[in-house]
Amino acid sequence: MKIICIGRNYHEHAKELNNPVPAKPVFFMKPDSALVIRNRPFYYPDFSSDIHHELEVVIKIDRLGRSIEKRYASRYFSQIGLGIDFTARDLQAECKKGGLPWEIAKGFDYSAPVSKFLPLTNFADIHNLNFHLDINGERVQTGNTSEMIFSFEHIISYVSQFITLKTGDLIYTGTPAGVGPVKVGDRLTAYMEETKLMDFQVK
Ligand code: MG
(Lines give C-alpha, C1' and ligand atoms only; values in the text may rest on other atoms or scores of the structure.)
Protein backbone atom coordinates (compact mmCIF):
# COMPACT_ATOMS: atom_id res chain seq x y z
CA MET A 1 0.00 0.00 0.00
CA LYS A 2 0.98 3.60 -0.34
CA ILE A 3 0.19 6.79 1.51
CA ILE A 4 -0.65 9.86 -0.53
CA CYS A 5 -0.88 13.22 1.20
CA ILE A 6 -2.45 16.40 -0.11
CA GLY A 7 -0.80 19.68 0.83
CA ARG A 8 -2.41 23.11 1.16
CA ASN A 9 -6.00 21.96 0.89
CA TYR A 10 -7.45 24.48 3.37
CA HIS A 11 -7.20 28.25 2.77
CA GLU A 12 -6.48 29.17 6.38
CA HIS A 13 -3.64 26.63 6.63
CA ALA A 14 -2.03 27.75 3.35
CA LYS A 15 -2.18 31.28 4.77
CA GLU A 16 -0.62 30.37 8.14
CA LEU A 17 2.45 28.91 6.39
CA ASN A 18 2.58 31.79 3.87
CA ASN A 19 1.93 29.45 0.96
CA PRO A 20 -0.11 30.43 -2.10
CA VAL A 21 -3.50 28.73 -2.49
CA PRO A 22 -2.89 26.12 -5.20
CA ALA A 23 -4.76 26.01 -8.53
CA LYS A 24 -4.52 22.19 -8.59
CA PRO A 25 -3.97 19.68 -5.82
CA VAL A 26 -0.43 19.37 -4.48
CA PHE A 27 0.51 15.91 -3.30
CA PHE A 28 3.44 13.96 -1.93
CA MET A 29 3.87 10.44 -0.53
CA LYS A 30 4.96 8.69 2.62
CA PRO A 31 6.31 5.11 2.66
CA ASP A 32 4.36 2.33 4.41
CA SER A 33 7.02 2.36 7.14
CA ALA A 34 5.61 5.72 8.28
CA LEU A 35 2.33 4.14 9.32
CA VAL A 36 1.35 3.87 13.00
CA ILE A 37 -1.85 2.02 13.82
CA ARG A 38 -3.94 1.13 16.88
CA ASN A 39 -2.98 4.25 18.87
CA ARG A 40 0.59 3.13 19.26
CA PRO A 41 2.89 5.95 20.45
CA PHE A 42 4.65 8.41 18.20
CA TYR A 43 8.39 8.32 18.88
CA TYR A 44 9.90 11.79 18.58
CA PRO A 45 12.86 11.53 16.18
CA ASP A 46 16.29 12.82 17.17
CA PHE A 47 16.92 14.54 13.82
CA SER A 48 14.33 17.26 14.39
CA SER A 49 13.48 19.71 17.13
CA ASP A 50 10.30 21.05 15.55
CA ILE A 51 7.83 18.25 14.84
CA HIS A 52 4.36 19.61 14.00
CA HIS A 53 0.99 17.89 14.10
CA GLU A 54 -1.29 18.16 11.05
CA LEU A 55 -4.67 16.56 11.70
CA GLU A 56 -6.23 15.27 8.48
CA VAL A 57 -9.24 13.33 7.28
CA VAL A 58 -8.02 10.12 5.63
CA ILE A 59 -9.84 8.04 3.04
CA LYS A 60 -9.08 4.42 2.29
CA ILE A 61 -9.15 3.32 -1.34
CA ASP A 62 -11.01 0.05 -1.84
CA ARG A 63 -10.86 -0.44 -5.62
CA LEU A 64 -8.14 -0.46 -8.22
CA GLY A 65 -8.33 2.56 -10.49
CA ARG A 66 -6.42 4.84 -12.80
CA SER A 67 -7.47 8.00 -14.66
CA ILE A 68 -10.69 8.01 -12.65
CA GLU A 69 -13.26 10.56 -13.74
CA LYS A 70 -14.39 12.87 -10.97
CA ARG A 71 -18.03 11.83 -11.37
CA TYR A 72 -17.09 8.18 -10.66
CA ALA A 73 -14.54 8.89 -7.92
CA SER A 74 -16.97 8.28 -5.05
CA ARG A 75 -17.06 4.59 -6.03
CA TYR A 76 -13.41 4.17 -5.04
CA PHE A 77 -13.70 4.67 -1.29
CA SER A 78 -16.21 3.61 1.32
CA GLN A 79 -14.34 4.23 4.59
CA ILE A 80 -13.06 7.32 6.29
CA GLY A 81 -10.83 7.99 9.29
CA LEU A 82 -8.39 10.47 10.77
CA GLY A 83 -4.63 10.67 10.65
CA ILE A 84 -1.77 12.89 11.69
CA ASP A 85 0.66 14.03 9.00
CA PHE A 86 3.62 14.59 11.34
CA THR A 87 6.03 17.06 9.79
CA ALA A 88 9.58 17.98 10.73
CA ARG A 89 9.00 21.69 10.13
CA ASP A 90 12.67 22.57 10.59
CA LEU A 91 13.79 20.04 7.96
CA GLN A 92 10.93 21.05 5.69
CA ALA A 93 12.03 24.70 5.84
CA GLU A 94 15.51 23.65 4.70
CA CYS A 95 14.06 21.53 1.87
CA LYS A 96 11.83 24.39 0.73
CA LYS A 97 14.72 26.85 0.81
CA GLY A 98 16.81 24.56 -1.38
CA GLY A 99 13.88 23.66 -3.67
CA LEU A 100 14.44 20.04 -2.62
CA PRO A 101 12.01 17.12 -2.14
CA TRP A 102 10.29 16.85 1.26
CA GLU A 103 10.74 13.18 2.08
CA ILE A 104 13.00 13.60 5.11
CA ALA A 105 10.56 16.13 6.58
CA LYS A 106 7.39 14.15 5.82
CA GLY A 107 8.14 10.48 5.23
CA PHE A 108 10.15 9.45 8.27
CA ASP A 109 9.26 6.48 10.50
CA TYR A 110 6.10 7.00 12.62
CA SER A 111 5.13 10.12 10.66
CA ALA A 112 1.71 8.75 9.69
CA PRO A 113 -0.46 7.63 12.62
CA VAL A 114 -3.91 6.66 11.42
CA SER A 115 -7.16 5.82 13.21
CA LYS A 116 -9.51 2.96 12.60
CA PHE A 117 -11.82 3.51 9.63
CA LEU A 118 -15.56 4.02 9.69
CA PRO A 119 -18.00 3.33 6.89
CA LEU A 120 -19.15 6.45 5.03
CA THR A 121 -22.69 5.34 5.73
CA ASN A 122 -22.11 6.37 9.39
CA PHE A 123 -22.26 10.00 8.33
CA ALA A 124 -25.07 12.07 6.84
CA ASP A 125 -22.72 14.12 4.65
CA ILE A 126 -18.99 13.47 4.34
CA HIS A 127 -18.59 16.86 2.67
CA ASN A 128 -19.70 18.54 5.88
CA LEU A 129 -17.83 16.69 8.65
CA ASN A 130 -16.41 18.32 11.75
CA PHE A 131 -13.14 17.05 13.14
CA HIS A 132 -10.74 18.28 15.79
CA LEU A 133 -7.53 17.55 17.66
CA ASP A 134 -6.84 18.06 21.36
CA ILE A 135 -3.41 18.01 22.96
CA ASN A 136 -3.48 17.26 26.67
CA GLY A 137 -7.18 18.07 26.63
CA GLU A 138 -6.83 21.45 24.92
CA ARG A 139 -8.31 22.09 21.48
CA VAL A 140 -5.56 22.90 18.95
CA GLN A 141 -7.08 22.19 15.53
CA THR A 142 -10.64 22.21 14.26
CA GLY A 143 -11.78 21.68 10.71
CA ASN A 144 -14.75 20.88 8.56
CA THR A 145 -14.48 18.99 5.28
CA SER A 146 -16.67 21.65 3.61
CA GLU A 147 -13.63 23.94 3.85
CA MET A 148 -11.49 21.72 1.61
CA ILE A 149 -10.26 23.46 -1.54
CA PHE A 150 -10.27 20.16 -3.47
CA SER A 151 -12.94 17.57 -2.64
CA PHE A 152 -12.26 13.87 -2.01
CA GLU A 153 -13.54 13.16 -5.54
CA HIS A 154 -11.37 15.84 -7.13
CA ILE A 155 -8.29 14.49 -5.30
CA ILE A 156 -8.94 10.88 -6.40
CA SER A 157 -9.46 11.96 -9.98
CA TYR A 158 -6.36 14.14 -10.02
CA VAL A 159 -3.95 11.73 -8.32
CA SER A 160 -5.12 8.77 -10.41
CA GLN A 161 -4.09 10.55 -13.60
CA PHE A 162 -0.50 10.03 -12.51
CA ILE A 163 -0.52 7.10 -10.09
CA THR A 164 -2.71 3.99 -10.10
CA LEU A 165 -4.73 3.73 -6.91
CA LYS A 166 -4.94 0.31 -5.31
CA THR A 167 -7.05 -1.28 -2.61
CA GLY A 168 -5.69 -0.31 0.80
CA ASP A 169 -4.02 2.92 -0.30
CA LEU A 170 -4.58 5.83 2.05
CA ILE A 171 -5.09 9.45 1.10
CA TYR A 172 -4.48 12.15 3.74
CA THR A 173 -6.62 15.01 2.49
CA GLY A 174 -4.87 18.04 3.98
CA THR A 175 -4.84 19.87 7.29
CA PRO A 176 -6.90 22.82 8.46
CA ALA A 177 -5.25 25.76 10.26
CA GLY A 178 -3.82 25.38 13.74
CA VAL A 179 -0.76 23.24 13.08
CA GLY A 180 1.88 23.47 15.79
CA PRO A 181 4.60 21.65 17.68
CA VAL A 182 4.28 18.53 19.82
CA LYS A 183 6.62 17.49 22.61
CA VAL A 184 7.52 14.29 24.40
CA GLY A 185 4.82 13.44 26.94
CA ASP A 186 1.95 15.02 24.98
CA ARG A 187 -1.28 13.09 24.64
CA LEU A 188 -3.08 13.57 21.34
CA THR A 189 -6.79 12.83 20.97
CA ALA A 190 -8.64 13.29 17.69
CA TYR A 191 -12.36 13.30 17.02
CA MET A 192 -14.59 12.92 13.98
CA GLU A 193 -17.76 14.75 14.96
CA GLU A 194 -18.09 13.56 18.58
CA THR A 195 -16.45 10.15 18.09
CA LYS A 196 -12.96 9.76 19.51
CA LEU A 197 -10.87 8.01 16.85
CA MET A 198 -7.32 8.61 18.05
CA ASP A 199 -5.73 8.66 21.48
CA PHE A 200 -1.98 8.27 21.68
CA GLN A 201 1.18 9.61 23.28
CA VAL A 202 4.35 11.24 22.06
CA LYS A 203 7.33 9.36 23.49
MG1 MG B 1 -0.43 17.68 5.71
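The values are calculated or read from the model by the stated rules, or taken from the named source; none is laboratory data. All values derive from a computational prediction rather than experimental measurement. Here the Cβ positions follow ideal geometry from the backbone for every residue, glycine too, while neighbour counts run over all protein chains shown. These area figures cover heavy atoms from the full protein model, side chains too; ligands, DNA and RNA do not enter into them. Shrake-Rupley method; radii C 1.70, N 1.55, O 1.52, S 1.80 Å.
First obtain the Kirkwood hydrodynamic radius of region 62-152 from its Cα pairs, then insert it into the Stokes-Einstein equation at 25 °C and 0.890 mPa s, and state the resulting D in µm² per second as a whole number. Once the numbers are plugged in, D ends up at 153 µm²/s. The amide H of Ile149, built 1.01 Å from its N in the peptide plane, has Tyr10, His11 as neighbours under 5 Å, considering only residues 5 or more places off or on other chains.
With θ taken as phi - 60° and the Karplus curve 6.51 cos²θ - 1.76 cosθ + 1.60 applied, the whole-hertz 3J(HN,Hα) list for region 123-133 is 10, 5, 8, 6, 8, 8, 10, 8, 8, 8, 10 Hz, x standing for glycine and proline. For region 1-79, the equivalent ellipsoid built from the Cα gyration tensor has semi-axes of 26, 21, 11 Å, listed from largest to smallest. The distance linking region 131-176 with region 24-48 is 14 Å (Cα centroid to Cα centroid, whole angstrom).
Label zone (Lys15, point 7 Å along Cα-to-C-beta; backbone nitrogen cut-off 12 Å) within region 147-184: 177-178.
The string of couplings for region 180-195 from the Karplus curve (6.51, -1.76, 1.60, θ = phi - 60°) is x, x, 10, 9, 4, x, 5, 10, 9, 10, 10, 10, 9, 6, 9, 8 Hz, one whole number per residue in order, with x for Gly and Pro.
Per the 1.4 Å probe, what fraction of the accessible area of region 1-68, in percent, lies on carbon and sulfur atoms?
Carbon-and-sulfur percentage of accessible area, whole number: 50.
Per-residue 3J(HN,Hα) values for region 32-39, derived from phi via the Karplus relation 6.51 cos²θ - 1.76 cosθ + 1.60 with θ = phi - 60°, read 5, 5, 7, 5, 10, 10, 6, 6 Hz in sequence order (x marks Gly and Pro).
Here region 142-181 exposes an accessible surface that is 52 percent carbon and sulfur, computed with a 1.4 Å probe and the other protein chains kept in place.
In percent, rounded to a whole number, the relative contact order of the chain is 35, using alpha-carbon pairs under 8 Å and six or more apart.
Summed over the residues of the chain and divided among them, the accessible surface reaches 47 Å² per residue at a probe radius of 1.4 Å.
Averaging 1/r over every pair of different alpha carbons in the chain and inverting the result gives a Kirkwood radius of 16.9 Å. The value of relative contact order for region 1-106, using C-alpha pairs under 8 Å at least six residues apart, is 23 percent. Across all Cα atoms of region 121-182, the radius of gyration (one decimal) and Dmax (whole number) stand at 14.2, 41 Å. Since only Ser157, Val179, Asn19 are under comparison, the one whose Cα sits farthest along the positive direction of the charge dipole of the chain, derived from C-beta charges on Lys, Arg, Asp and Glu, is Ser157. By the helix-only formula, in which each DSSP H run with n ≥ 4 contributes -39500 (n - 2.57) and the sum is divided by residues, the chain has a 222 nm mean residue ellipticity of -3500 deg cm²/dmol. Note on the chain: with charges restricted to the Cβ of Lys and Arg (+1) and Asp and Glu (-1), its dipole about the Cα centre is near 560 debye.
Projecting the Cα atoms of Leu91, Ser111, Gln79 onto the charge dipole of region 59-115, computed from C-beta unit charges around the Cα centre, puts Gln79 farthest toward the positive end.
Pairs over the 25 Å Cα-Cα cut-off, from the set Lys24/Lys166; Lys70/Lys96; Lys30/Lys60; Lys15/Lys97; Lys30/Lys183; Lys116/Lys166: Lys70/Lys96. Between amide H atoms placed 1.01 Å from N, distances below 5 Å from Ile68 occur with Ser160, Gln161, all of them 5 or more places distant or on a separate chain.
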